[in-house]
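Read the structure below first, then the notes.
The values are calculated or read from the model by the stated rules, or taken from the named source; none is laboratory data. Remember, it's a predicted structure, so these values are computed and weren't measured experimentally. So basically every Cβ, Gly included, is an ideal-geometry build from the backbone, and we count neighbours across all protein chains shown. Just so you know, the surface numbers come from the protein's heavy atoms only, side chains and all, with ligands and any DNA or RNA stripped out. Shrake-Rupley method; radii C 1.70, N 1.55, O 1.52, S 1.80 Å.
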Amino acid sequence: MLRFWNRLVLITFVLQGTLAGAYEILTVNLDPLIIETSRLDGQFERDLLPTNESALSALSELGNAISGVFLFEQAGLAGNTEVIVRGAEPNFTKFYIEGIEVNDSTDTRGGSFQPNHFSWSSWQSVHVLKGNFSPIHGTDAIGGIMAFEFNEGDEASSMIQVGDYGYLKTTLNTGFNRPDLRGRASISYAQEDGLYEGSDFENLNGYFKGSWDIAPGRQLKVAFWAADTEKMRYPDDSGGPLFAASDALDHLQNTELGLSLRLTTDQGGPLSWQALAGFYHNDSEQISPGVSPGLRDPFGVPASEFQNDFWRFQMRGDLTYRFNDEVQMAWGVSLKEETADSQGVLKLPFADIPSPYEDSRSTVETYGEAQFQLFDVSELQLALQIEKISDLDAQLNPSIQYTIPLLDMTELSFRYSEGFKAPSLFALNSPLVGNPDLAPETVRAYEARLSQAFLEDRLLVSVTYFDQRYRDLIDFSETTQRLINLSRVTTHGFEFEAQWQFNNQLRVSGNLAHLNLDIPGSDELLRNRPELLSGLNLIYESVQGYRVNIHYQYVGERGESSIPTGDIRLAGFHRVNVYADYQVMDNHRVGLRLRNLLNDQENTLLGYEEPGIQVLGVWEWNW
């Protein structure tokens with residue numbers, strides 16, 4: 001049914017002649033401030049990835065755009081997307097859409113989100129925050145935060161992208177702008193078939209975002225989004241087409257809905273406040289043939305069918321008061337209700353074994369934050385959050401940050417924080433591997449950052465050292481055949497970032513990150529944790545109407561694992577992606593995107609052959 005409606009949408013686009021869309025070259029803003037999020041300065045202090053780059057088909061194409069962040073995608077759009085921040089577990093990153101949490105607590109990976117279920121051109125900005133932010137954002141944020149904001153604006157536009165390996169993407173946008181009322185709606189369809197053997201992806205998604213100026217200094221924003229996704233791929237841990245014992249594929253279907261209502265007020269006085277309410281819903285179904293026994297697991301994984309229904313309702317209020325230029329404080333409270341209903345069947349050779357569970361939990365959290373200007377130069381920031389989740393003890397998450405200027409345009413900052421992640425509903429309740437006695441995972445994080453601006457702020461450079469000490473990590477026990485609190489992991493390393501605005505047409509940015517992992521008393525392999533990451537981005541925008549973006553990425557050697565192969569090491573690889581476009585008329589642009597320009601055949605994924613160079617053409621039309 002999804003294919004029928006998607007093709008109907010595509011035919012409608014073509015009949016209308018709407019064969020174009022908005023494109024904006026990717027920029028990565030680096031400023032001399034610490035990467036920090038604070039309720040005192042709004043929900044997020046700054047954007048690291050403000051973009052509506054419609055020529056991107058997947059989050060992973062950003063490569064190493066941010067130092068220390070590994071964006072990993074397994075087997076194209078049909079695979080799982082993992083955001084690994086400073087070596088932390090992928091489910092340690094908290095995801096937001098328009099302020100609403102969208103991590104799925106029924107996910108077998110412990111609570112994750114798939115950004116590629118939404119068109120990249122939907123986003124006006126993407127905020128990426130590295131490190132532990134539990135003292136402000138609570139559970140699930142002990143590795144980092146990735147927050148998405150939908151595009152705004154009243155311009156009408158459309159776009160079509162066509163590429164090899166069955167890639168097709170179409171987008172239609174429209175909007176309105178009245179004196180006190182603005183809105184934008186978008187719908188997008190994408191498909192990819194055969195980029196990696198056995199992988200097939202089809203998706204239809206859309207959103208509406210509007211804002212209403214109720215009164216001077218008071219605004220109501222509403223956003224509603226939906227996505228329907230179908231995909232096929234080789235099962236996780238099967239070894240892919242090169243090592244899997246069978247060519248049978250997983251079949252997955254997801255339907256996601258979300259709503260965000262935000263009321264903000266700032267009338268220029270010392271007091272401002274905002275209120276947020278909304279929900280997130282994910283209805284998912286998976287039919288898996290299982291994985292045959294192999295080197296790592298002599299029993300393998302049985303065939304199964306699962307259908308999960310997950311709801312999260314959320315309310316939040318924040319109050320900020322500025323006493324003077326030296327002192328300001330914030331306080332907030334949040335209420336959250338989560339429910340999960342999972343119906344599953346294990347298909348064993350001798351019988352089908354039902355494996356259902358139902359659960360719900362409530363969360364109440366409150367936080368306080370204070371910021372002090374000391375001696376007219378340095379800054380001290382304190383935060384404390386108290387969070388109570390059903391059936392768990394109350395958790396206290398403190399943080400302290402001190403920033404001091406050293407020389408002209410030089411800043412040195414230190415930060416210490418503690419945080420926790422509650423076990424997911426799947427980890428607590430799964431009849432197969434769940435454990436209701438699991439304790440929260442915790443972290444103590446240390447960070448020091450030195451930043452410097454040169455050439456009248458046109459060259460910005462920063463170096464960061466981080467040390468994150470995780471305890472009670474949830475892992476699978478071969479002895480008990482279920483999840484237990486087992487591991488202790490320390491990740492530490494450094495990050496270097498720089499951006500140079502050469503002139504009005506040319507910008508260059510680069511980064512380098514080195515990661516060390518320490519697991520006391522264990523030789524356990526942590527998957528997809530490259531020791532070395534680097535990236536280089538060059539952007540040129542000509543006054544004659546053409547633009548070029550060249551992005552280089554290096555990912556160092558890393559560990560991987562599957563049931564047939566056991567633990568192995570994958571060699572490092574290089575990637576060069578190029579995008580160029582040209583304005584042929586006032587409101588038309590044509591573009592060409594080349595992925596893997598060097599045609600590097602080094603396997604980036606365990607069990608899959610690399611597809612080599614991929615070509616995408618883009619035609620845009622704004623009216």
Would you please give the residues with an amide H less than 5 Å from that of TYR167, counting only those at least 5 places away or on a separate chain, with H modeled from the backbone geometry? ASP193
Global size of the stretch 527-623 as Cα Rg and Dmax, reported in angstrom: 17.8, 56
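Give me the extension gain from PHE350 to VAL333: residue separation times 0.36 nm, minus the current Cα-Cα distance, reported in nm with one decimal. Don't jump to the answer; show the numbers that get you there.
On the way: separation 17, 0.36 × 17 = 6.12 nm, distance 5.17 nm.
Taking 0.36 nm per residue and subtracting the Cα distance, the gain is 0.9 nm.
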Estimated vicinal HN-Hα couplings, Hz - the stretch 393-405 in sequence order (Karplus 6.51, -1.76, 1.60; Gly, Pro = x): 5, 4, 10, 10, 10, x, 8, 9, 9, 10, 10, 9, x
I want to check the label-to-label distance for TYR582 and SER390. Put each point 7 Å from Cα in the C-beta direction and report it in nm to one decimal. 6.1 nm
The stretch 56-209: C-alpha gyration tensor shape, a/c 1.5 cut-off, then a/b vs b/c: oblate
Based on DSSP H runs of at least 4 residues, each adding -39500 (n - 2.57), what is the mean residue ellipticity at 222 nm of the chain after dividing by all its residues, to the nearest 500 deg cm²/dmol? -1000 deg cm²/dmol
What are the residues whose amide H is under 5 Å from the amide H of SER390, where those residues sit 5 or more places off or on another chain and H is modelled from the backbone? SER362
Whole-Hz couplings from phi, Karplus 6.51/-1.76/1.60, listed for the stretch 300-312; x for Gly and Pro: x, 10, x, 4, 7, 9, 9, 9, 10, 10, 10, 10, 9
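Of the peptides 453-464, 150-161, 410-421, how do they stack up when ordered by the mean number of other Cβ atoms within 10 Å, highest first? Let's see the in-between values first.
Numbers: 453-464: 16.0, 150-161: 19.4, 410-421: 21.1.
Going by the mean number of other Cβ atoms within 10 Å, highest first, we get 410-421, 150-161, 453-464.
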Once phi is turned into θ = phi - 60°, what whole-Hz ³J(HN,Hα) does the Karplus curve with 6.51, -1.76 and 1.60 give for every residue of the stretch 176-188, x standing for Gly and Pro? 9, 8, 10, x, 10, 9, 9, x, 8, 10, 8, 9, 9
Amide H partners (placed H, <5 Å) of TYR196, local residues excluded: none
Heavy-atom accessible area per residue - the chain, 1.4 Å, Å²: 41 Å²
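Of all accessible surface on the chain at a 1.4 Å probe, what whole percent is carbon and sulfur? Write out the running numbers ahead of the final one.
Values: 14770 of 25310 Å².
Solvent-exposed carbon and sulfur of the chain make up 58 percent of the total.
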